[in-house]
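I have placed the structure first, in the form of structure tokens, so that the comments after it can refer back to it.
The values are calculated or read from the model by the stated rules, or taken from the named source; none is laboratory data. These numbers come from a predicted model, not from an experiment. Cβ placement follows ideal geometry from the backbone for every residue including glycine, while neighbour counts extend to all protein chains displayed. Heavy atoms of the whole protein, side chains included, go into the accessibility calculation; ligands, DNA and RNA do not. Shrake-Rupley method; radii C 1.70, N 1.55, O 1.52, S 1.80 Å.
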Amino acid sequence: MVVIQRIRVRWSTDARRAGDADLRRGLSDARRLPESLPDAPVVVHDVLADHADGYRITEQVRSGGDAATSTSLQFSVTDHGVTVHACARGAVYPLQDRPTRLFTLAPGKVGLYRANFRFRGQCCCSASWWYEDWTVRVANAPGRPELFLHRAPQHVTDRRVQLYGGRARLSAA
């Protein structure tokens, strides 16, 4: 069984200030999975905290063949476990026009994928912009409510970029 917890934090261009960033801090921490999960090969716990709703948490559970695709993930089964690929279609920046390999999870292992994106609305007459920060936890393990709470990931892929333009910040070595 593959269990996915995707936590998206979404904000608009008018919420890019430092005070708004402080409000978003901690929203992507691992969450408890629902008590009752479907008995399916792939189960998705999709969590959204949207600035438009005051960062109120909404949660949805999906399963089945399209569940992983709805989270912009693809899987392939290998002799070593489940290989996870990501492709966030619809993002304006950074562009992801083809799936990229994140990691391979052996049975019982957990992976963490971090990314952020800039999106644009579909209407040309008033194209709105918004931003999303994704924290995606994937387990090649049975789903239990505490699955992601007390378990450090064995694989981490961080694809976050600077979304607002300007010079990239240098990190201290």
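Taking into account only those residues within segment 64-76 that are part of a strand (DSSP E or B) and more than 14 Å from the chain's Cα centre (by Cα), which is surrounded by the fewest Cβ atoms within 10 Å (Cβ to Cβ)?
Within segment 64-76, the first condition is being part of a strand (DSSP E or B), and the residues that meet it are 73-76.
Next cut, more than 14 Å from the chain's Cα centre (by Cα) only: 75-76.
On the way: PHE75: 18, SER76: 11.
Result: SER76.
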Restricting to segment 1-55, name every residue that is more than 30 Å from GLY81 (Cβ to Cβ) and under 17 Å from the mean Cα position of the chain (by Cα).
ARG10, TRP11, ARG24, ARG25, GLY26, ALA49, ASP50, HIS51, TYR55
Test VAL61 against the criterion of being open to solvent by less than 40 Å² (accessible area, probe 1.4 Å) and either out of contact with any Ser or Thr (no Cβ under 8 Å at 6 or more places or on another chain) or part of a strand (DSSP E or B) (or both), and give yes or no.
no
From the list ARG114, ARG160, pick out the single residue that is in contact with a Ser or Thr (Cβ under 9 Å, 6 or more places away or on another chain) and of a type outside the set (Ser, Thr, Tyr).
ARG114
Those residues that are in contact (Cβ under 8 Å) with a residue 60 or more places away in the chain and hydrophobic (A, V, I, L, M, F, W, C), I need them from segment 1-54; list them, please.
MET1, VAL2, VAL3, ILE4, ILE7, VAL9, TRP11, ALA30, LEU33, LEU37, VAL43
Of the numbered conditions (1) surrounded by 14 or more Cβ atoms within 10 Å (Cβ to Cβ); (2) outside any strand (DSSP E or B), LEU95 fails exactly one; give the number of that condition.
(1)
Only one of (1) under 18 Å from ASN116 (Cα atoms); (2) at pLDDT 90 or above does not apply to SER36, and that is (1)
Residue count, segment 45-70 (criterion: modelled with pLDDT of 90 or more and among the polar types (S, T, N, Q))
3
Could you list, in sequence order, the residues of segment 142-167 that are at pLDDT 95 or above and of a type in the set (A, V, I, L, M, F, W, C)?
LEU147, PHE148, LEU149, VAL156
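Can you work out which of the residues in segment 12-23 that are among the hydrophobic types (A, V, I, L, M, F, W, C) and over 30 Å from ARG144 (Cα atoms) is surrounded by the most Cβ atoms within 10 Å (Cβ to Cβ)?
At the first step, the residues of segment 12-23 found to be among the hydrophobic types (A, V, I, L, M, F, W, C) are 15, 18, 21, 23.
Still in the running and over 30 Å from ARG144 (Cα atoms): 15, 18, 21.
Values: ALA15: 17, ALA18: 6, ALA21: 11.
Step by step, filter segment 12-23, then rank; the result is ALA15.
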